[in-house]
Every structure is written in C-alpha cells, then in structure tokens.
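Novice: Please read through the structure below; I'll follow up with questions.
The values are calculated or read from the model by the stated rules, or taken from the named source; none is laboratory data. The structure presented is a predicted model; accordingly, all values stated were derived computationally and were not measured. Glycine also receives a Cβ, built like all others from the backbone with ideal geometry; neighbour counts cover every protein chain displayed. Just so you know, the surface numbers come from the protein's heavy atoms only, side chains and all, with ligands and any DNA or RNA stripped out. Shrake-Rupley method; radii C 1.70, N 1.55, O 1.52, S 1.80 Å.
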Amino acid sequence: EQLNYLRQEGYTAITLDDFVAYQNGKKTLPPKPIILTFDDGFMSNYLYAFPILKKYRMTATIFVTVDPNSDNYKKYSPVDLPLTHEQIREMSDYGIAIESHSMTHRYLTALEPEVIRWELKESKKSLENILKKPVRFIAIPSGAYSRTVKALVKEAEYQAAFCMLKGSNN
C-alpha cells in the first residue's frame with residue numbers, strides 16, 4: 001500500500017549514488033525523490049519487500065549486518081533470519097543496493113578504535129567478496145556515531161555514512 005501510494009503520488013525512488021551526486025552538485029533529482037532503505041539484512045527483506053519493490057519497479061538499499069551469528073540476528077531469530085549470500089546476490093543483481101551495516105551491529109561508540117576499524121573494514125571487504133562489486137556506504141548501527149567513528153568511516157574509504165538520529169540529519 002505504501003509503495004503504491006508513493007507511485008501514485010509521483011514519487012521516484014532514487015539511489016544513494018544519485019543522492020550523493022546531487023549533494024556534490026553533479027546531478028539533478030526528479031521532483032519527488034525518495035530513498036528507501038532497510039537496516040540489518042533480514043530475510044523478510046527478500047521474502048516480502050523485494051517482490052513488492054519489483055512490482056512497483058522501485059529501487060532500495062539494504063544495509064546488511066554481515067555476521068549471521070551477531071546478537072542482533074539472535075535477538076530476532078524467533079521471527080526472522082539473516083539473508084543468505086545467494087539472496088543478497090540476487091537482489092544486488094536486480095538493482096537493489098547492498099551496503100554495510102557493520103560486521104556485528106554493535107554500538108561502535110562503545111568499542112575501541114581498532115575494533116571499530118575492524119567492524120567497518122571487514123564488513124566492507126566481506127560484502128564486496130559476496131557481491132563482486134564495491135561497497136560505498138554504511139548505515140551506523142543504532143545511530144552510535146562519534147568523531148572517532150566518523151574518522152574511521154573515512155579511513156575505511158566509505159563514500160558516505162548514514163546515521164539514525166532524531167530530528168534533522170545531514
């Protein structure tokens with residue numbers, strides 16, 4: 001119902017690449033742009049969201065937590081499971097962007113810099129191995145963001161980081 005409404009009202013799903021190019025003055029956007037994102041990488045994204053995205057010919061980004069044994073996946077295991085590598089590749093091949101949500105979904109601000117560095121770099125590397133294409137973006141798990149995290153995101157060569165904060169984000 002939500003995607004049908006957006007389509008009927010003239011919204012166009014854009015990619016994160018489109019948004020970053022716009023932010024850098026390299027691209028214009030359609031009149032009603034919208035970015036659709038999903039965090040964590042649960043199988044429900046594949047089973048329920050993916051068919052609807054295809055039906056309405058919309059793109060989206062799924063920020064995937066790479067470690068299927070992470071506490072976040074364990075917490076929700078009674079109701080959902082992590083995506084498989086095959087599902088991740090299928091959606092990516094279709095045009096759904098797969099980006100990083102760290103290795104284990106831990107609060108990055110609670111970790112030592114070397115562990116944050118590992119969370120960022122290893123998730124990027126692992127996803128790139130699965131996808132056989134670059135991973136350029138990260139959504140910071142639980143909005144646990146700081147100057148240290150920002151510096152390490154840049155060091156890990158992400159093009160942009162997205163953070164769940166209340167109010168206006170930039």
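Novice: Going by what's in this entry, would residue 128 be described as part of a helix (DSSP H, G or I) and under 15 Å from the mean Cα position of the chain (by Cα)?
Specialist: Here the answer is yes, as residue 128 does meet what is asked.
Novice: Being surrounded by 15 or more Cβ atoms within 10 Å (Cβ to Cβ), free of Cβ contacts under 8 Å to residues at least 40 places away in the same chain and either charged (D, E, K, R) or part of a helix (DSSP H, G or I) (or both) is the filter here, so list the residues in the stretch 32-44 that pass it.
Specialist: Hit for the stretch 32-44 is 44, nothing else.
Novice: Identify the single condition in (1) at pLDDT 95 or above; (2) in contact with a Leu (Cβ under 9 Å, 6 or more places away or on another chain); (3) farther than 21 Å from residue 38 by Cα that residue 120 does not satisfy, given that it satisfies every other one.
Specialist: Tallying (1) at pLDDT 95 or above; (2) in contact with a Leu (Cβ under 9 Å, 6 or more places away or on another chain); (3) farther than 21 Å from residue 38 by Cα, residue 120 fails exactly one: (3).
Novice: Would you mind stating whether residue 140 is free of Cβ contacts under 8 Å to residues at least 40 places away in the same chain and within 18 Å of residue 14 (Cα to Cα)?
Specialist: Spelling it out, it is not the case that residue 140 is free of Cβ contacts under 8 Å to residues at least 40 places away in the same chain and within 18 Å of residue 14 (Cα to Cα).
Novice: Can you tell me which residue is farthest from residue 15 (Cα to Cα) among those in the stretch 68-107 that are of a type in the set (A, V, I, L, M) and open to solvent by less than 10 Å² (accessible area, probe 1.4 Å)?
Specialist: Among them, the one singled out is 88.
Novice: Give the stretch 57-67 a look and list any residue that's surrounded by 14 or more Cβ atoms within 10 Å (Cβ to Cβ) and either assigned to a loop (DSSP other than H, G, I, E, B) or in contact with a Gly (Cβ under 9 Å, 6 or more places away or on another chain) (or both), or say none.
Specialist: 58, 59, 60, 62, 63, 64, 65, 66, 67
Novice: Between a residue in the stretch 155-170 that is open to solvent by 100 Å² or more (accessible area, probe 1.4 Å) and any residue that is modelled with pLDDT of 90 or more and not in a helix (DSSP H, G or I), which pairs come within a Cβ distance under 7 Å, given they are 6 or more apart or on different chains?
Specialist: 159/136; 159/137
Novice: Hey, another quick one. Are there any pairs with C-beta distances below 7 angstrom linking a residue in the stretch 1-26 that is closer than 15 Å to residue 162 by Cβ to a residue that is open to solvent by 60 Å² or more (accessible area, probe 1.4 Å) and among the charged types (D, E, K, R), with the two at least 6 apart or on different chains, and if so which?
Specialist: Correct list of pairs: 18/27.
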